[in-house]
1. Mind listing whichever residues of region 163-209 are loosely packed, with under 12 Cβ neighbours inside 10 Å and within 19 Å of N139 (Cα to Cα)?
2. Output the residues belonging to region 149-161 that are closer than 20 Å to D204 by Cα and open to solvent by 40 Å² or more (accessible area, probe 1.4 Å).
3. Restricting the first residue to region 38-64 and requiring it to be part of a helix (DSSP H, G or I), which pairs with a second residue that is open to solvent by 40 Å² or more (accessible area, probe 1.4 Å) and among the acidic types (D, E) meet a Cβ separation below 9 Å and a spacing of at least six or different chains?
4. More than 29 Å from R156 (Cα to Cα) and either of a type in the set (G, A, S) or without any contact (Cβ under 8 Å) to a residue 60 or more places away in the chain (or both): which single residue out of L100, L106 fits that description?
5. When you go through (1) of a type in the set (D, E, K, R); (2) assigned to a helix (DSSP H, G or I); (3) open to solvent by 100 Å² or more (accessible area, probe 1.4 Å) one by one for R146, which number turns out not to apply?
6. Going through region 22-36 one residue at a time, which ones are part of a helix (DSSP H, G or I) and either in contact with a His (Cβ under 9 Å, 6 or more places away or on another chain) or without any contact (Cβ under 8 Å) to a residue 12 or more places away in the chain (or both)?
7. Please count how many residues of region 45-62 are open to solvent by 10 Å² or more (accessible area, probe 1.4 Å) and among the aliphatic types (A, V, I, L, M).
Amino acid sequence: MARVSQAHLDARRRQILDAAALCFARNGFHATSMQDVLKEADLSAGAVYRYFSGKEELIAAIVSEVLGEVHAAFEVAADQSPPPPPDHVVALVLSRTLGLRANLTLDGLPAFPRLVVQVWSEIPRNEELAAVLREGYGNVRGAWGRIVEVYQETGRMRSDIPPDHVARMMVAAVLGFIAQQALFGPAPVEVLRDGLRGLMSMTDAEPKA
């Protein structure tokens, strides 16, 4: 029997994860069956179960992959000297994350924002998934905190605000922007970037009459 290449195995795993992501975004976690995933992936049960034992493993793998990519992108920004300003960092990371999943669409619209909202809805009843999210978002917050510390050390940001408070706010801004896309439809990343840029431009000076 011919040996299956790692590239083939990786491509098949990608095929399954993308199919599951579309199913979860379309119908939610509980309304999606493994049969739905098999049909979307156009694979046999044996081909899918070789990689994942069920829906729980699938959604955990999707979440871990996305948050791992986001964390890695923030770490790259944190290692730059000096790191880019917050509006550039957010635009860079979010563009990369959305771009990697631009092929996932439902009714002609990006599926990723809907998938994110469906994942959030699962948190209260799925402690294992909640733990994966806590760890993933914790890593992202930590990377943001490192960036903020550099901002403060170099005098680019006021130093009397805890870095983690800034990190939490930046995470909240990105998650809120994704939620808006699920609710109102697609919007370019530049909308969030420019909004942050506007807030960053504020000064303590009183406006002129």
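The values are calculated or read from the model by the stated rules, or taken from the named source; none is laboratory data. What you see is a predicted model, and the numbers here were worked out from it, not measured in a lab. Glycine gets a Cβ as well: all are built from the backbone with ideal geometry, and neighbour counts include every protein chain shown. Heads up: the accessible areas ignore ligands, DNA and RNA and are worked out on the full protein's heavy atoms, side chains in. Shrake-Rupley method; radii C 1.70, N 1.55, O 1.52, S 1.80 Å.
1. Matches in region 163-209: H165, A172, G176.
2. Result: G155, R156, M157, R158, S159, D160, I161.
3. Listed by first residue and then by second, the contacts come to E56/E128; A60/E128; S64/E135.
4. Values: L106 fails: either of a type in the set (G, A, S) or without any contact (Cβ under 8 Å) to a residue 60 or more places away in the chain (or both).
Matching residue, one of L100, L106: L100.
5. Here R146 clears every test but (3).
6. Quick first cut of region 22-36, residues part of a helix (DSSP H, G or I) only: 22-27, 34-36.
N27, Q35 - these are the residues of region 22-36 that are part of a helix (DSSP H, G or I) and either in contact with a His (Cβ under 9 Å, 6 or more places away or on another chain) or without any contact (Cβ under 8 Å) to a residue 12 or more places away in the chain (or both).
7. Number satisfying all stated conditions: 5.
The rows are residues; the columns are (1) modelled with pLDDT of 95 or more; (2) among the hydrophobic types (A, V, I, L, M, F, W, C); (3) buried (at least 17 other Cβ atoms within 10 Å of the Cβ); (4) touching a His at 6+ places or on another chain (Cβ under 7 Å).
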| residue | (1), (2), (3), (4) |
| --- | --- |
| R3 | no, no, no, no |
| A20 | yes, yes, yes, no |
| L38 | yes, yes, yes, no |
| A41 | yes, yes, yes, no |
| E69 | no, no, no, no |
| A72 | no, yes, no, no |
| Q80 | no, no, no, no |
| L94 | no, yes, yes, no |
